[in-house]
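Please treat every number below as a calculation from the coordinates, not as lab data. From a predicted model like this one, the values you see are computed outputs, not experimental measurements. Methodologically, a virtual Cβ is constructed for each residue, glycine included, from the backbone with ideal geometry; neighbour enumeration extends over all protein chains shown.
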Amino acid sequence: MDDPMGELSTDRPARWRRSAIPIALCGAVVALAFATHYEVLTYWFTGPDTLTLIETSRITDMKTAIDTLTAPLMHGTNFVALTGEFYRPVSSLSYAIDYWVWGLDPFGYHLTDLLAHATAAALVGWFTYDVLDGSTETGVKTGTGAGTGAEAERERRSVWSRSPRTIGGTRLTGALTGALAGGLFALHPLTAEVVPVPARRHDVLATVFVLASLVALARGLRASWPEPRLRYLGLSLVAYALALGAKEISVVLPALAVTWTALDVYSRSEGGGGLWRTIRTTFVVGLGYAVVSLSYLGLRVSLLGGIGGYVGPFGGVKNATAALVTSQYFLSLFYPVDLLEFGGAVAYVPATVYVVAAVWTTLAVLAIVGAGGLGPLVRSAAGRLAVLFSVWLLAPIPLLVRVGEYSPWTGYIALVPVAGLSALLVTSAAGSAYQWTSRLVGDAGVAGSDGHASGDSPVRSDRTNERIEDGGSRDRGANGRPNGIEMLRAGVGIGGSVVVLASAAVLVLSLVWVSPLAYAYDGWDHASSVTEDALTDAEREANGLPPEAVLKVEGLPNVVTLGPPTAEPRVKSLRYFWAHSVRSWVRLREPNSRLSTFTHGITTPVGNGPTEVRVEAEPRPNAPTVMRFRYESRPSSRQSGTVGRAAANASSAASPGDRDRAEARVRIRTEIGDDGQPKRA
């Protein structure tokens, strides 16, 4: 009698080993994300909208709780009238939770952003590995569904139709591909525009939930019917709803879900009904995402009084051309730093679109030819991932073009296909070169054994039987030796694989070379220092004003937005603080304050070196109080060009005004209690 417990105990180590790979993969990717961006934990509040988002999202009673979940983003401020109406309750709730846990300690907000980014990177690696690792279950089906004769032969011999885990003689290639994809996502240069700024976590949260939805969908399509599959598909739809609540860019997910469903179901279909089954399943899955999308749209319209979006003088649709926006998008993803020193020749020009289109078309043709046809390509796990990531890369473009402007942080969600495609190109090209080389060397060995070994050689016997099963060897001589056509095919295969591998390696290495892991990208450190000094002084100057005071703010720092790829790695969308940042900080520090602010005059250059901030408040009878900000350069105690906190504290003793600022900073920290909430007398 069989011992079921013995069978269970035998399978348990295998299941543990199978689970250990994705756990180790995700752990390594998370560690890399923290190693790349850990310095953000030392920053103060960065980004001009961060404090306003905290102020308008915090929950202090039932009314504010309802407002956080139902009101427009940054409700109660001029943002709604001057910039736009957005409904992002998930993002708003994240600020409310941070405020409840951390109060006004910036460390907690940056920790949340870093954890969210690390989670997104881990999900990139997990999704890639999970699809490739499941290729033995969802991979090529021979027989009726795979075709017969020449079609079956092309599919069987394609390196794309083989399990990526066995390419190169190892079962870990799927894990390596996932680790490379997750790692490249974690340290891509564009992350320096997003991770250090709590106000930009909307893109990070949306990406996390989009990835979670796809992971659940991929598993659901492989699960048994009905309960396991319905459970996974339900989780996928819930994650999609959360993604929509984080940011509107998540609306690209239904297109990705439908694409993946069609590819996955078709790859596992057998018999004449495969196409009908693919259409039916894809329609049902797409219908689920459509229901969630329409429900979200109805809720949004009912709460905002319309579809919302950018409006007003600051948020209206810009007039950049589609070619310009698309060029900016691709350059920020693939060539953010001008490593080759093209200078003025590298600009946001439409030519970028043509270059990317030509390269991608060439790679697509090589992939189809290398797979032995389009059918074998989409029936392989790597091929399906490549198609999905290609669709993902293109999906955000219509939304960006509609806005008429490209901001670097909005490209965060597109880092997933960039990282995934780059990893697939590296490992698939390496695997293809290995397979072609092994095939050529193996064939030569077989040819040699034909004249010197007996017919019972294992190598000869296996390959001879293989040729018999394949219906003969059209490209070989009568004695099984590879002829010129066979040698030519192998040579072209090896050469093409090496070219693709070299190109992909150059792309990956260039992005790693200019990543935040290798360079400081300390623009946000500078913005953090300037903003902390400025708002600390502004609070001190506003202490004597009436609760309903109105401030006319002058001397706001310049907004730094760089155009074409810069010659050195640096932040391209640097922001300091705006008038509403002053308002929100004072209101957060003084709950009874109803301070209002507006901007007057031109902005002031700040520079990128150590900066001394001077703040003056000038009360005027029967007129708003004027608050002026001035910025002066000061010597640095370190050579990096950015002053640290210790150096700032040391320099602050140079004048009475500096001592007042230092005391105000100490007062801020000491007035925050152990529970993270401001302490009041």
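Once you list every other residue whose beta carbon is under 9 Å from the beta carbon of Pro547, what net charge do they have if Lys and Arg are +1 and Asp and Glu are -1? Before the final figure, lay out the partial values.
On the way: positive: Arg594; negative: Glu548, Glu590.
With Lys, Arg at +1 and Asp, Glu at -1, the neighbours total -1.
I want to check the label-to-label distance for Arg614 and Val506. Put each point 7 Å from Cα in the C-beta direction and report it in nm to one decimal.
Between Arg614 and Val506, the simple spin-label model gives 5.3 nm.
If you filter segment 494-594 for GluC sites (Glu not before Pro), then keep DSSP loop positions with at most 13 other Cβ within 10 Å, what is left? Present the calculation step by step, with values, prior to reporting the outcome.
Details: sites: Glu532, Glu539, Glu541, Glu548, Glu554; in loops: Glu548.
Those that pass, being in a loop and sparsely packed, are Glu548.
At q = 0.11, 0.18 Å⁻¹, what is the base-10 log of I(q)/I(0) for segment 191-336 according to the Debye formula with one equal point scatterer per Cα and no solvent? Please give it to two decimals.
Debye curve over Cα of segment 191-336, log10 I(q)/I(0) at q = 0.11, 0.18 Å⁻¹: -0.56, -1.14.
Excluding Leu299 itself, calculate the net charge of residues whose Cβ lies under 14 Å from the Cβ of Leu299, where each Lys or Arg counts +1 and each Asp or Glu counts -1.
0
5 Å is the cut-off here: which amide hydrogens, built 1.01 Å from N in the peptide plane, fall below it relative to Gly84, excluding neighbours closer than 5 in sequence?
Hits under the 5 Å cutoff: Val311.
Spin-label point model (7 Å from Cα, Cβ direction): what's the Ser224 to Arg277 distance in nm?
1.7 nm
List Lys63, Lys552, Lys572 from most exposed to least, where exposure is judged by having the fewest other Cβ atoms within 10 Å.
In increasing order of surrounding Cβ atoms, one gets Lys63, Lys552, Lys572.
With θ set to phi - 60°, apply the Karplus curve 6.51 cos²θ - 1.76 cosθ + 1.60 along segment 24-35 and write out the HN-Hα couplings as whole Hz, x wherever there is a Gly or Pro.
Once rounded to whole Hz, the list reads 5, 4, 5, x, 5, 5, 4, 4, 5, 4, 5, 5.
Can you give the FRET efficiency for Ile66 and Leu294, using 1/(1 + (r/R0)^6), R0 = 25 Å, r = Cβ-Cβ distance, to the nearest 0.05?
Working: r = 24 Å, r/R0 = 0.95.
Calculated transfer efficiency: 0.60.
With θ set to phi - 60°, apply the Karplus curve 6.51 cos²θ - 1.76 cosθ + 1.60 along segment 291-303 and write out the HN-Hα couplings as whole Hz, x wherever there is a Gly or Pro.
Those phi angles translate into 4, 5, 4, 5, 5, 4, 5, x, 5, 5, 5, 5, 7 Hz.
Given H placed on each backbone N at 1.01 Å, which residues far from Leu551 in sequence or on other chains put an amide H within less than 5 Å of it?
Excluding prolines and chain starts, which carry no amide H, the hits are Ser596, Thr597, Phe598.
Which order results if Ile494, Ile279, Ile249 are arranged by neighbouring Cβ count within 10 Å, fewest first?
Working: Ile494 18, Ile279 13, Ile249 23.
Fewest-to-most Cβ neighbours within 10 Å comes out as Ile279, Ile494, Ile249.
Compute the distance from the alpha-carbon center of segment 614-633 to that of segment 591-610, in whole Å.
What the calculation gives is 10 Å, centre to centre.
Enter the per residue convex hull volume of segment 507-610, computed from alpha-carbon coordinates, in Å³ rounded to the nearest integer.
121 Å³
With the cut-off at 1.5 for a/c, could you classify segment 73-139 from its C-alpha gyration tensor as rounded, prolate or oblate?
Oblate, because a/c is 1.5 or more while a/b does not exceed b/c.
Could you let me know the centre-to-centre spacing of segment 530-578 and segment 238-310, using Cα atoms, in angstrom?
First find each Cα centre; the distance between them is then 41 Å.
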